1. Report the Cα centroid-to-centroid distance between the range B:1-70 and the range A:36-73 in angstrom, as an integer.
2. Partner chain Cβ atoms within 10 Å, averaged over the residues of A:35-46 - can you pull that number for me?
3. I'd like the trypsin sites (Lys or Arg not before Pro) in the range B:125-218 restricted to DSSP loop residues with at most 14 other Cβ atoms within 10 Å, sorted by number.
4. As I understand it, the value is the acute angle between the Cα axis of helix B:29-43 and the longest principal axis of the Cα atoms of chain B; what does it come to in degrees, rounded to 10?
5. Any number yet on Rg/Rh for the range A:13-83, C-alpha, Kirkwood?
6. May I ask for the Rg/Rh ratio of chain A, computed from Cα atoms with Rh as the Kirkwood radius, given to two decimals?
7. Can you pull the mean other chain C-beta count within 10 Å for peptide A:2-13?
8. Any chance you could check the range B:129-146 for residues losing 40 Å² or more of accessible area when the partner protein chains are in, compared with the chain on its own (1.4 Å probe)?
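The values are calculated or read from the model by the stated rules, or taken from the named source; none is laboratory data. What you are looking at is a predicted structure, and each value in this text was computed from that prediction instead of being measured. Note that we place each Cβ from the backbone using ideal geometry, even for glycine, and neighbour counts take in every protein chain shown. Accessible surface is based on the protein model in full, side chains and every heavy atom, while ligands, DNA and RNA are left aside. Shrake-Rupley method; radii C 1.70, N 1.55, O 1.52, S 1.80 Å.
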Amino acid sequence: MKIMIDIDSEEPLFSQVVEQIKTAVRTKAIRAGDPLPSIRQLANDLELNNKTVAKAYRLLERDNVIVTKGYRGTFVHADATAHCCFDLSAWIEAQLAITIKACREAGATDSEIRIAFANAMQP
Amino acid sequence: MPADFNMTAVLAVMYTVFLSQIYLISVHYPRKMCARIREVVESYPPAEYPHLYPGPYVYYAESARKHGLKIFMAANYIIAAIGLGILCMMMLSGYEPALLGGDEIFVMFYFILQASPLLYIQITEWRYYALMRESFTAKHRSASLAPRRMSQFVSPALVGAAIVFYVLWLVFYLSDQGPVATWSGEVYATLAVITGINVFYVLYLRRMVFGKKVDPYRSDEDRDRQIRVMGKVYGISSIGISLFLAFTQAADRFGFEVFDPVLISFYLQLCIVAGLGFVFRDITVNSLNFKVYRKQADEPS
């Protein structure tokens, strides 16, 4: 199974890697427990920075699509197929839409909502 | 104490091995290399395979097609003539090898001279690949999701054999050196150099397996095949070093140092046969995928 990235695409490179691996899981090109290449191998093969692939792997691990087992390497998560179907970005947008709707109904202006959102995002 | 040898037999072996060294390294393999380069240039011309000839290599290819590698071959023939001249002088002067060894240094010097045109080709190859990477403009890049393992490229049996021979040499060598406290700097230097060479082989192979592609256009299949051949070359080379050192050590111990020049010549020939010979035999021009060097549809013209 091969993944392909387009370096001229507007979609960020790490995001392309994430999506391609999720697609590979969904289409069963790779299955639960299958080993994945190391960050270094994939980055060198795709001529990308190691940090880009590391970021993609971090996001996939957060979404429980892959699991890293120390020096033994990175593997496809046992429930990867189920987790691939969950679109976190879509879920975030839906949650925010509900919150924004509630704020507007309470009489808040868009400007106030933006300021409040920015404040809430402060670490 | 040197053993008693029939000097005529020693000289016969010596001249045969040196003639073989002259022919193999300065005639046979340079000719094969030229024929290979010419085959590539004629079968895959720059007009149809532009990515194969980055920068000035378009002109070099045209020159190689028209004239062959004249300077390269002339340099090799001159070196071969020098070698034959040395052999003739040895015969005419009634040369006899030193019974306690030491003449092998001249074999080494001559080998360095013989290897210099090949080394020059090797150095220009690095520049060639650097130019190729600079001109690499593909917008789409692909990678396999299958992890690579060293064992896919180097036979574990060969690695095991190399380790066994290394350990055997180590035991044999150190058994002759006395207690650790009495070891000279030469012993430490020998251990460091031989261990260093083996470590270098491992690290270089790791770089080939997991590192960036040297040739960004080369297909994965061709790349894997090349790494396999290099794995075999390094494995055999490691065994060769251990065996060569064990033999020279045995020569010192059992008094047949008179054969040291023959041993080193034989070993150096083995290195060239294992290096270039395996590459030429296992990676023939016809078996490589040259389609990757054509202009791709998504490339700007």
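1. The two parts, judged by their Cα centres, are 43 Å apart.
2. Working: counts 4, 3, 7, 3, 0, 3, 8, 5, 3, 7, 12, 3.
Counting other chains' Cβ atoms within 10 Å and averaging over A:35-46 gives 5.
3. Here the trypsin sites (Lys or Arg not before Pro) that fit, given the DSSP loop and packing criteria, are B:LYS139, B:ARG149, B:LYS212.
4. 10
5. Working: Rg = 11.0 Å, Rh = 11.9 Å.
Radius of gyration over Kirkwood radius for the range A:13-83 works out to 0.93.
6. On the way: Rg = 18.1 Å, Rh = 16.5 Å.
A ratio of 1.10.
7. Values: counts 6, 5, 4, 5, 4, 5, 3, 2, 0, 0, 0, 1.
Whole-number average of other-chain Cβ neighbours for A:2-13 is 3.
8. B:LYS139, B:HIS140, B:ARG141, B:SER142, B:ALA143, B:SER144, B:LEU145
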